[in-house]
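Reviewing the structure listed below.
No value in this document is a laboratory result; all are computed from the given coordinates. Remember, predicted model here, so these are calculated numbers, not experimental data. Neighbour counts are summed over all protein chains in view; Cβ atoms, including those assigned to glycine, are modelled from backbone coordinates with ideal geometry.
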Amino acid sequence: MPGALGASSVVTTRLDHLRANLDAIRARVGDRLVLAAVKADAYGHGAVEVARMIERTGAADWLGVATTSEGLELRAAGVGLPILKLSVARGEEVRAAVGAGLTLCVTDAASIAEAGAAASALGTTVRVHLKVDTGMRRIGCEPADAPALAGLADATPGVELEGLFSHLPISDSPRGEEFTRDQIALFRRTADQVEAVHGPVVKHLANSGAVLGHPDAWLDLVRPGIMVYGAYPDPEAARTVALLPGLEWRTRVTFTKQVRAGETVGYGRTWTAPADTWIATVPVGYGDGYSRLLSNRGRMLIGGRSYPIAGRVCMDQTMVDLGPATDVAVGDEVVLVGRSGAEEITTSEIAGLMGTIPYEVTCLITARVARTFVG
């Protein structure tokens, strides 16, 4: 298991799998442009390396980030693809974003004015995409205000209105079919009104759920997120695109101990041995991003076999129950996410145990976990 000196575990990002997922997305959406979301360190997969692979291979046309610092990191790494900041930039960050050639999200007169002022001060032009709130109720202008804001952008020196977009909060679930259809229709009407004022814009609405299940939302550009990294956005989401897992997480056994029936293991004494058994300790815990919610619920793979977690996940270590007889030894490889023999643990499985989504599972992995990239 490769990794940095002293690293307790290693996450391996499968760049070949991410490329295959993006190829499958392109096959699904045809000639639409593809924006790959690489925010939050590419959902924990390593934004710089992922972005470099995307640019090198042409796997996507755009990149999406949440913060100016994320965009600046990619520019400093030599990434030249168009980068859309998906949330509004305010104050001092606007000038830095414009200077780095990021495309900005605008939502109101103030954000348009700030973008224009920064561009004029730098002697350049900033491309902006107007965010419309069609039902997410997070950020964005009201649809009725979009045409006037498009006109304001056109009238603001240094600003070029390039795109119009919105977001779908429940496109990944059949429970949201009617709501999503209404959002798509509202966005299309709003886009027609904006284009009547401004002319053609790049229209985009489709996140992973819509790529999978709502072709009428594809428009000019699609914005896949979690599906790039090999997971579906919801257990109920349509499986119209086959996906490969984006990462593997591995460590090694550091200690084994036999415990007697009735003895307890770990903090809080929440696990009691039902019979004489062997316990293996692995050097990964919630300090590495392996959630404490997996205490007494999760499992790990050793030598192609599945072993349940015994007791609470500690900050730096976790224990698993090997059973009454075992040949597991110190140094054996342990798989937290990935495949061992015929067994596999996915981020979706872990998310289900945690009561969350796969996005959080990979975003939780901390900086002290060593990283490697293959493929």
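Brief remarks on what is shown
- Exposed trypsin sites (Lys or Arg not before Pro) absent - longest run of the chain, DSSP non-H/G/I/E/B, at most 16 other C-beta within 10 Å: 139-238
- Modelled spin labels at Ala27 and Arg269, positioned 7 Å past Cα toward Cβ, are 5.7 nm from each other.
- Selected from Leu18, Leu322, Leu102 as most flexible by GNM, with the chain as the system and alpha-carbon contacts under 10 Å: Leu322
- Zero-based 10 Å bins, Cα pair distances in the stretch 69-135, whole percents: 22, 55, 20, 2
- The stretch 18-130 - Rg and Dmax from Cα coordinates, angstrom: 14.4, 43
- Between 0 and 90 degrees, the angle of helix 146-155 with respect to the longest Cα principal axis of the chain falls at about 70 degrees.
- Centre-to-centre separation between the Cα atoms of the stretch 305-375 and those of the stretch 226-284: 4 Å.
- A Förster radius of 25 Å combined with the Cβ-Cβ distance from Gln193 to Ala77 puts the calculated FRET efficiency at roughly 0.05.
- Crossing angle, helix 47-57 versus the chain [Cα axis fit, 0-90 degrees, rounded to tens]: 60 degrees
- Cα extents of the chain along the three principal axes, largest first (Å): 77, 43, 37
- Label point at Lys257 placed 7 Å out along Cα→Cβ; residues across the stretch 306-336 whose backbone nitrogen lies under 19 Å: 308-332
- For the chain, a Gaussian network of Cα nodes joined below 10 Å ranks Ala110, Ala342, Ala97 by mean-square fluctuation, and the top entry is Ala342.
- Cα long-axis angle, helix 15-29 against the chain (0 to 90 degrees, to the nearest 10): 40 degrees
- Cα centroid of the stretch 149-225 to Cα centroid of the stretch 28-92, whole Å: 19 Å
- Residues of type lysines that Lys39 reaches as a straight line, Cα spacing below 27 Å, ignoring anything fewer than 8 places off in the same chain: Lys85, Lys131, Lys203
- Cα gyration tensor shape for the stretch 274-328, rounded if a/c is under 1.5, else prolate or oblate: prolate
- As an equivalent ellipsoid, the stretch 247-374 spans semi-axes of 23, 16, 13 angstrom, where each value is the square root of five times an eigenvalue of the C-alpha gyration tensor, largest first.
- Taking 7 Å steps out from each Cα toward its Cβ at Asp16 and Thr240 produces label points 2.9 nm apart.
- Rounded to the nearest whole angstrom, the semi-axes of the ellipsoid equivalent to the stretch 156-265, taken from the Cα gyration tensor as √(5λ), stand at 45, 18, 12, largest first.
- Structure-based [θ]222 nm, the chain - -39500 (n - 2.57) summed over DSSP H runs of at least 4, per residue, nearest 500: -9000 deg cm²/dmol
- Relative frequency of Cα-Cα separations exceeding 13 Å in the stretch 130-189, percent: 62 percent
- Positive dipole terminus of the stretch 1-147, leading residue within Gly46, Leu122, Ser87 (C-beta point charges): Gly46
- Estimated FRET transfer efficiency (Ala109, Asp276; beta-carbon r; R0 45 Å; 0.05): 0.05
- Projected-area average for the stretch 32-228 over all orientations - Cα convex hull basis, square nanometres: 10.2 nm²
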